[in-house]
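Q: Sharing a structure, written as structure tokens. Questions coming.
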Amino acid sequence: MTETVPTRAVVSDESPSTDARRIGPAHRTSHPLASGPVVSPPATVDGFVEAFLAELNYGQGTLLSQSTLNDQYLALARTIRRYLMADWLETGARRRQAQQKTIGYLSAEYLLGRQLGNNLLATNLQDIAEVAMTQCGIDIAALRAQEVEPGLGNGGLGRLAACFVDSLATMDVPCIGYGIRYEYGIFRQTFEGDRQVEVPDSWLSLGSPWEFPHPERQVLVSFGGQTSTTTGEDGVVTSTWTPGWQVIGMPYHYMVPGYRNGVVNTLRLWSARATQAFDLAIFNSGDYAEAVRAQTFAENISKVLYPEDSTPQGKELRLQQQYFFVACSLHDFIENTIPADFDLSRLPERIIFQLNDTHPVIAIPEMMRILVDKKGFEWDEAWAITRKCFAYTCHTLLPEALEVWSVELLGKLLPRHLEIIYRINDEFLEEVREAFPGDEMRARRMSMIAEHPVRSVRMAYLATVAGAKVNGVAELHSQLLRDKVLPDFSQLWPEKFTNVTNGITPRRFVRLANRRLSELVTDTIGDGWVTDLDRLRELEPLADDASFREEFRAVKQANKERLYALLKVRDGLELPREAMLDVMVKRLHEYKRQTLKLLHIVSLYDDVLSGRVAAEDVTPRTFVFGAKAAPGYHLAKEIIFLVNAVADTVNSDPKVAGRLSVAFPANYNVTLAEKLIPAADLSEQISLAGKEASGTGNMKFALNGALTIGTDDGANVEIRRLVGDDHFFLFGMDEPEVEQLRARGYSPAAVYEENARLRSTIDLLASGHFTGGDRQAVGPVIDNLLQQDSFMVFADFQAYLDAQERVDAAYADPDAWSRSAILNVARSGYFSSDRSMRDYLSRIWA
Ligand code: F58
């Protein structure tokens with residue numbers, strides 16, 4: 001049975017100022033239709049057309065003949081929603097009844113990608129919708145293109161969250177994804193004069209048909225103020241927090257449909273609102289800016305993803321965001337999701353909050369505050385409960401990426417939480433001293449409070465101490481996390497540490513993005529692979545089948561042509577039809593080494609310019625980059641400039657025409673990834689060994705039949721082991737070699753002096769050849785490489801070039817290449833996020 005009315009009034013313990021009577025439960029009617037079930041429109045073309053026109057007429061308030069493309073897109077989205085609604089309500093009701101353990105996925109990012117195609121796929125309505133739209137005289141492709149993807153994430157971490165919630169719905173596991181509904185997601189990247197310019201991403205401006213605001217579930221969140229302690233007659237000291245200011249968290253619900261299984265889970269994203277829209281008295285006095293000051297201040301909290309944090313205000317805003325969304329989420333689960341009379345000492349039976357990196361870690365002291373200050377638990381019991389309610393996933397190996405918050409800021413914004421952290425830390429350090437008597441250095445190393453350069457809280461340590469489990473995201477990463485990042489903790493609690501190798505959803509990244517390959521695979525082995533990706537193994541024997549290889553190559557070629565047609569319209573790029581497509585797409589970061597890829601291109605070009613190699617002997621290649629640089633990361637932006645400058649020169653030089661082309665389409669995002677990845681021949685995964693936690697792009701490429709050129713890093717290690725050495729181009733130092741070189745003393749200048757090819761490549765770049773003679777324009781990147789090269793680009797340069805020669809040789813034999821590509825697909829089933837979820841369920845959430 002489904003319910004159509006809310007069952008409970010939902011206001012916070014500290015009631016928001018909104019009139020509670022108006023957001024309480026409705027009067028329950030006794031009308032026989034009131035308790036459902038909700039009926040979906042018929043899954044027929046006529047049923048679809050009727051529902052669509054109803055949405056257009058009654059939802060958008062327009063006639064088909066008068067409607068704009070956007071009207072039609074919104075009506076189509078709402079039509080698909082209708083088909084999901086009954087399942088959504090039913091899943092919710094079932095979950096409330098079953099009272100199973102729920103996964104509360106706490107993530108500051110969800111990089112969802114477009115919803116329309118995914119939801120049509122999940123409901124199996126693709127064909128019906130297409131015919132229905134044609135009957136209405138509408139090209140469904142134009143409506144798909146109208147959707148602006150919600151870019152509520154930065155990169156792999158955010159996309160991983162989106163893949164995980166997809167898999168959990170497909171596996172019918174209760175999960176609520178909690179996060180922030182940023183008004184502006186990751187910036188839209190444009191290039192001006194080859195330089196990155198960031199434009200706000202107003203993804204909501206044309207309407208957002210996939211979200212459902214729920215003002216009746218709003219929550220009040222407090223900040224600032226001070227704490228005071230009182231000692232009761234029994235001698236028990238209690239702390240009281242008197243906050244300085246508050247904001248309202250307003251939830252928006254999004255459907256997370258499983259793949260054709262009738263399950264729809266919920267993603268609940270919070271938007272910040274002021275407790276008072278404006279001050280009427282000040283407004284009437286004529287000071288309009290001052291009258292809305294408080295509102296602007298409050299609403300800034302969910303305004304943008306990753307506000308620039310180089311200023312103190314920016315830092316504070318980030319901490320506000322983090323506390324805001326976890327406070328809302330914990331409150332939502334404890335007060336509004338589990339029954340009102342639930343015995344909270346049994347909370348770990350009902351919830352495990354998975355901390356997606358350190359951004360939500362402030363949830364730990366918040367849970368303690370709720371249990372001790374609000375619910376009256378003794379500290380020790382509250383701590384025992386809290387330790388079972390959280391698990392922590394780390395996504396980095398870069399020490400500078402481990403978040404810390406200054407004690408000053410935390411104390412100002414969340415004074416009670418700081419007290420709680422201090423007590424957790426004191427008790428934890430006691431435990432350390434007991435386990436390692438006399439080892440005071442160890443206790444200091446393990447303290448959650450760092451003393452230098454400023455007194456700060458190490459959020460990863462707090463998460464490790466409180467978390468029931470701590471995991472890395474690929475085998476190598478988990479090992480380095482244990483041995484290098486958190487060695488003291490893994491000695492103390494070896495059983496706490498585990499690995500779950502990342503995965504990706506085959507629904508979006510194969511079935512949806514690569515329809516041609518999906519059809520070929522389904523025609524060959526049936527469609528079971530979509531939810532059981534290991535079945536791709538059945539393709540292995542087909543690698544030796546010439547006609548299958550032929551079909552496989554035709555799929556790749558068609559995907560390339562689809563990409564080139566898109567890039568022509570989207571970016572004005574003309575790319576040759578017949579060339580190896582060599583792709584490097586990921587966040588721009590020095591450790592990922594986009595510069596190494598750039599040096600490869602420049603060296604090939606230099607070979608031709610200098611006459612060392614005849615142009616006819618160069619394997620035709622098209623290099624595609626996609627990357628955004630964090631707005632405050634200056635060197636990364638210089639690298640983008642240089643890639644664009646090289647692209648301009650190479651593309652317009654007749655000496656390499658038809659041989660080398662470089663494309664850098666702006667604004668790489670999920671939508672573009674879905675077109676690029678299925679077209680790629682070669683996947684570039686060339687981070688310095690020991691720096692990439694896992695990578696997930698690497699998995700997407702392998703599953704779509706690209707071969708990888710990569711270092712022994714992150715999940716590359718597992719990809720290579722599974723697909724086989726012969727079908728993966730490994731190069732460069734491994735992690736121990738990197739460490740040895742660093743210990744010996746690494747001098748990039750010495751490598752430059754010794755390697756003539758490197759010298760020639762760098763000299764050509766430095767000469768200003770690519771920047772209209774301007775040598776200064778290349779200075780920042782070249783100087784950094786020559787003088788620092790923190791990620792050892794020069795050290796791996798020669799090995800990389802050698803491996804690229806092996807790539808060329810392999811590509812010259814289309815049959816052998818296709819065989820390898822097919823084996824990559826067949827052997828990559830392990831990288832389904834369904835498998836990752838099974839691993840989380842058995843190793844962490846059990
Ligand atoms: C990524 N992290 C890792 N962080 O780099 C990648 O290896 C891994 O596969 C992926 O997580 C999923 O586990 C990542 O995307 C960020 O975007 C940070 C967010 C906070 C600011 C700094 C970047």
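Bear in mind that the values in this text are calculations on the coordinates, not laboratory data. Everything quoted here is computed from the prediction, not taken from an experiment. Every residue, glycine as well, gets a Cβ built from its backbone with ideal geometry; the counts of neighbours run over all protein chains shown.
Q: Compute, for region 288-422, the length of the dipole vector about the Cα centre, with Cβ point charges of +1 (Lys, Arg) and -1 (Asp, Glu) only. Units Debye, rounded to 20.
A: Using only the charged Cβ atoms, the result is roughly 60 debye.
Q: For the ranges 65-71, 271-277, 417-423, what's the packing order if you count other beta-carbon atoms within 10 Å of each residue, average per peptide, and put the highest first?
A: 417-423, 271-277, 65-71
Q: Rank 760, 729, 385 by how far each Cα sits towards the positive end of the charge dipole of the chain (+1 on Lys, Arg Cβ; -1 on Asp, Glu Cβ) and give me just the farthest.
A: Positive-most Cα among the choices belongs to 385.
Q: Rounding to the nearest 20 debye, state how big the charge dipole of region 466-587 is about its Cα centre with +1 on each Lys and Arg Cβ and -1 on each Asp and Glu Cβ.
A: Dipole size: approximately 660 debye.
Q: Return the distance in nm (one decimal) between the two label points of a simple spin-label model at residue 384 and residue 66, each offset 7 Å from Cα along Cα→Cβ.
A: 6.7
Q: Using each residue's phi in region 746-751, evaluate 6.51 cos²θ - 1.76 cosθ + 1.60 at θ = phi - 60° and report the 3J(HN,Hα) Karplus result to the nearest Hz, with x for Gly and Pro.
A: 9, 10, x, 4, 5, 4
Q: Rank 661, 615, 641 by how far each Cα sits towards the positive end of the charge dipole of region 590-661 (+1 on Lys, Arg Cβ; -1 on Asp, Glu Cβ) and give me just the farthest.
A: Of 661, 615, 641, it is 641.
Q: Next up: With respect to the cross-link table entries 597/700; 628/675; 315/469; 375/469; 597/637, which display a Cα-Cα separation exceeding 24 Å?
A: Beyond 24 Å: 315/469; 375/469.
Q: Here's another thing I want to ask about it. How much length is gained on full extension from residue 197 to residue 284, taking 0.36 nm per residue of separation minus their Cα-Cα distance?
A: Between residue 197 and residue 284, full extension yields an extra 27.3 nm.
Q: Right, here's the next one. Rounded if a/c is under 1.5, else prolate if a/b beats b/c, else oblate: with a ≥ b ≥ c from the C-alpha gyration tensor eigenvalues square-rooted, which is the chain?
A: The shape class here is oblate.
Q: List the relative contact order of the chain as a percent without decimals, with contacts defined as Cα pairs under 8 Å and 6+ residues apart.
A: The value is 12 percent.
Q: Further, regarding this structure: Could the peptides 588-598, 197-207 be put in order, highest first, of the mean number of other beta-carbon atoms found within 10 Å of their residues?
A: Ranked by mean Cβ neighbours within 10 Å, highest first: 588-598, 197-207.
Q: Kindly rank 791-799, 346-354, 806-814, 377-385 from highest to lowest mean number of other beta carbons found within 10 Å of each residue.
A: The peptides rank, most packed first, as 791-799, 346-354, 377-385, 806-814.
Q: Residue by residue through region 823-834, which ³J(HN,Hα) values in whole Hz follow from phi under the Karplus form 6.51 cos²θ - 1.76 cosθ + 1.60 (θ = phi - 60°), with glycine and proline marked x?
A: In residue order, the calculated couplings are 5, 4, 5, 5, 9, 9, x, 4, 8, 5, 5, 5 Hz.
Q: Right, here's the next one. Quick check: pseudo-label points 7 Å beyond the Cα along Cα→Cβ at residue 261 and residue 648, how many nm apart are they?
A: Here the answer is 5.1 nm between the modelled labels.
Q: Can you return the aspartates and glutamates within cross-link range of residue 101? Criterion is Cα-Cα under 17 Å, with same-chain partners fewer than 8 residues away left out.
A: Of all the aspartates and glutamates, those that pass the test against residue 101 - Cα under 17 Å, at least 8 places apart if same chain - are 172, 332, 335, 341, 343, 349, 839.
Q: Can you find, among 543, 564, 512, the residue sitting farthest towards the positive end of the charge dipole of region 467-566, where Lys and Arg contribute +1 and Asp and Glu -1 at Cβ?
A: Result: 564.
Q: Same structure, new question: Please compute the net charge surrounding residue 784, taking Lys and Arg as +1 and Asp and Glu as -1 over other residues with Cβ under 14 Å from its Cβ.
A: -2
Q: Using amide H atoms built in the peptide plane, which far-off residues or other-chain residues are under 5 Å from residue 668 H to H?
A: Hits under the 5 Å cutoff: 627.
Q: Let me ask another. What is the local net charge at residue 75, summed over the other residues whose Cβ is closer than 11 Å to its Cβ (Lys, Arg +1; Asp, Glu -1)?
A: Result for the neighbourhood of residue 75: +1.
Q: A further question follows. Can you tell me the dipole magnitude for the chain around its Cα centre, using point charges on the Cβ only (Lys, Arg +1; Asp, Glu -1), in Debye to the nearest 20?
A: 1220
Q: Now a separate question. Step through the residues of region 295-302 one at a time and calculate ³J(HN,Hα) from phi using the Karplus curve (6.51 cos²θ - 1.76 cosθ + 1.60, θ = phi - 60°), rounding each to whole Hz and writing x for Gly and Pro.
A: Here the 3J(HN,Hα) series is 5, 4, 4, 5, 6, 4, 4, 10 Hz.
Q: Can I ask one more? For every other residue with a beta carbon closer than 12 angstrom to the beta carbon of residue 834, add +1 if it is Lys or Arg and -1 if Asp or Glu, then tell me the sum.
A: For residues surrounding residue 834, the net value is -1.
Q: List every residue whose amide H lies under 5 Å from the amide H of residue 304, counting only residues 5 or more places away in sequence or on a different chain, with H placed 1.01 Å from N in the peptide plane.
A: Those qualifying (amide H under 5 Å, at least 5 residues apart or on another chain) are 183, 184.
Q: For region 210-276, which semi-axes, largest first and in whole Å, follow from the square roots of 5 times the eigenvalues of its Cα gyration tensor?
A: 39, 18, 7
Q: Which lysines have a Cα lying under 20 Å from the Cα of residue 374, excluding residues fewer than 8 positions away in the same chain?
A: Once the sequence-local lysines are set aside, what remains near residue 374 is 388.
Q: How large is the helix-only mean residue ellipticity at 222 nm for the chain, computed as the sum of -39500 (n - 2.57) over DSSP H runs with n ≥ 4, divided by its residue count, in deg cm²/dmol to the nearest 500?
A: So the calculated ellipticity at 222 nm is -13500 deg cm²/dmol.
Q: On to the next question. Report, by chain and number, residues whose modeled amide H sits under 5 Å from the one on residue 406, excluding near sequence neighbours (fewer than 5 apart, same chain).
A: Residues meeting the amide H criterion: 457.
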